[in-house]
1. Enumerate the amide H contacts of GLN225 below 5 Å, restricted to partners 5 or more residues apart or on another chain; note that Pro and chain-start residues carry no placed amide H.
2. Can you give me the accessible area per residue for the stretch 242-289, using a 1.4 Å probe, in Å²?
3. Would you kindly derive the ³J(HN,Hα) couplings of the stretch 140-149 from the backbone phi angles with the Karplus curve 6.51 cos²θ - 1.76 cosθ + 1.60 (θ = phi - 60°), listing them in order in whole Hz, with x for Gly and Pro?
4. For the chain, with equal point scatterers placed on the C-alpha atoms only and solvent neglected, what are the log10 I(q)/I(0) values from the Debye formula at q = 0.11 1/Å, to two decimals?
5. Once both labels are modelled 7 Å past Cα along the beta-carbon direction, what's the ARG74-ALA311 spacing in nm?
6. Give me the accessible area per residue for the stretch 2-156, probe 1.4 Å, as a whole number in Å².
7. With a 1.4 Å probe and all protein chains kept in place, how do TYR285, TYR157 rank by accessible area, largest first?
8. Peptides 135-143, 339-347, 248-256, 92-100: what's the order by average Cβ count within 10 Å, highest mean first?
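The values are calculated or read from the model by the stated rules, or taken from the named source; none is laboratory data. Quick caveat, the model's predicted, so the values are computed rather than measured. Here Cβ is always computed from backbone atoms with ideal geometry, including for glycine, and neighbour counts include all displayed protein chains. We work out accessible area using only protein heavy atoms, side chains counted, and drop any ligands, DNA or RNA first. Shrake-Rupley method; radii C 1.70, N 1.55, O 1.52, S 1.80 Å.
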Amino acid sequence: MDAILVTGGAGFIGANFVLDWLAPSNPDACPLVNLDALTYAGNLASLDPVAGDERHRFVHGDINDRALVSRLLREHRVRAIVNFAAESHVDRSILGPDAFVQTNIVGTFNLIEAAREWYTTLDATERAAFRFIQVSTDEVFGALGPSDPPFSETTPYSPRSPYSASKAAADHLVQAAFHTYGLPAIITHCSNNYGPLQFPEKLVPLMIRNARRGERLPVYGDGRQVRDWLHVSDHASALRAVLARGRPGETYNIGGSAERENLSVVNMLCSLLDERSPRADGASYAAQIAYVTDRPGHDRRYAIDQRKIAAELGWTPAVAFEQGLRDTVDWYLENDAWITGIETGAYRQWLDTNYRSGERAR
Ligand code: NAD
Ligand code: TYD
């Protein structure tokens, strides 16, 4: 069998995974087919470093297109699927959940069905090697209180936003495919990723972008919500470990061991920007922080217990949060053109809808 199929590989984590897979440090990597619908979150510019690499085949298409997915599986004799394709932004799911149901639930179901059909055509050796990796989220577990133990693989599901509910539904379909049909599927639950190539609607790149453009830094509620930050390169290495050594039917939590309050992250970003690209007036970027109306149903805290992946697969995160955030700020400062390229009418319209009209404008 010849290739892996990555879906959503023009998005933030998918593109980082693709670049990592095809990096010179991984010379024996098999070819990779990258299926992406290029929604607002997909960006072909992120894949520039692998343009011309014949091991990378980009296909513009939808995971809901079963005939297309089936053809790709057959033509490329796919030995593993890594499903990143999703609508991924909680705020957008609150304002318009339909696309989340269509891509995250129905789209994942389509992928499972196509994978199942392909799997039945494989011989015993090929079946033993085949994997379906569902990239899920820690948000399916709900919200933690300040002294609750972190999420483990046995924490019951308790999704609270349309986004996390759609990811939870997809996980159940994946589990059902394993138990009912024997599809060798594995689910991963990662915490909040940060790093290069992230769409500037998420906390870290939004704050860097707004700071540099002299706009306010919108902190939801009291800013004391806690996230467990995972550098995207660590996520990519964890997924490679899962592909290589993960056991079908299992789930693995992937975290960064870096719980931080949002306000602390925003202040760290301001200090890094003050140091690296000071404001013309000499004031700190922290002066641009503005407390805005909270997100409805805002989950207070996420945290990951990753002892299972460490013990079973020998994976632990390598990037310390302070260094990772510093490198991330440097990347955005050096790649302002990447952000400018995204600032289309649709992006500005999103900023208007989420931040400038209605409650949050005050
Ligand atoms: P993203 O929004 O940056 O990228 C999603 C990609 O999927 C885009 O390239 C988009 O064009 C593509 N896509 C959307 N709908 C599609 C469809 N119907 N068919 C084909 N392609 C489609 O998302 P991300 O941050 O890279 O997240 C990747 C995965 O990781 C998602 O499944 C998400 O739920 C999960 N995840 C992300 C985070 C995070 O911090 N970003 C945390 C936990 C889990
Ligand atoms: P986000 O990057 O949207 O990821 P998620 O909702 O999946 O955790 O948000 C991270 C945290 O930052 C979350 O607690 C919401 C908060 N946040 C703000 O305070 N202001 C913002 O403008 C955004 C986008 C997020």
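1. HN-HN under 5 Å from GLN225: ASN262, LEU263.
2. Spelled out: the 1.4 Å probe surface of the stretch 242-289, per residue, equals 43 Å².
3. 5, 7, x, 10, 9, x, x, 10, 5, x
4. Normalising to I(0) and taking log10 leaves -0.73.
5. With each label placed 7 Å out from Cα toward Cβ, I get 4.5 nm.
6. 41
7. TYR157, TYR285
8. 135-143, 248-256, 92-100, 339-347
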